[in-house]
């Protein structure tokens, strides 16, 4: 039996679609608080489900503690019935993990994003494919072409 909170209904613009989609692009404290609110969970209730302290969870929602490690995010995500990649910081860490061993890829991305280097046709095709048919990636590609 599929759980509607753990399986996205469909994928839009490369990001799974969830009822709480508006929280997908929010930083961890806002996303965590939003999910708790949507599920009507108190700090104590989430603490019970995660075996984390209510005080620690309160600090996480206020942003007064750093974003937790991936294992802690997985624990919180399971208790909230979402996959860990619901949280932006978790997705970011996964991407960093993939590129950190590839100096050429890091240099290419750095040149494009920060130095506004011209984008090769091959890279444009990759970026256009990864952003879908919508206008999601078009402004970036235009800004690269203008440099």
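The values are calculated or read from the model by the stated rules, or taken from the named source; none is laboratory data. Just so we're clear, the structure is a prediction, and the values are computed from it rather than from any experiment. In this analysis, Cβ positions are derived from the backbone assuming ideal geometry, glycine residues included, and neighbour counts consider all displayed protein chains.
Within the stretch 101-147, restricting attention to residues that are exposed (fewer than 11 other Cβ atoms within 10 Å of the Cβ) and in a loop (DSSP other than H, G, I, E, B), the residue that is modelled with the highest pLDDT is 115. Checking each residue in the stretch 86-118 for being within 12 Å of the chain's Cα centre (by Cα) and either within 16 Å of residue 34 (Cβ to Cβ) or touching a residue at least 12 places away in the same chain (Cβ under 8 Å) (or both) picks out 86, 87, 88, 89, 90, 93.
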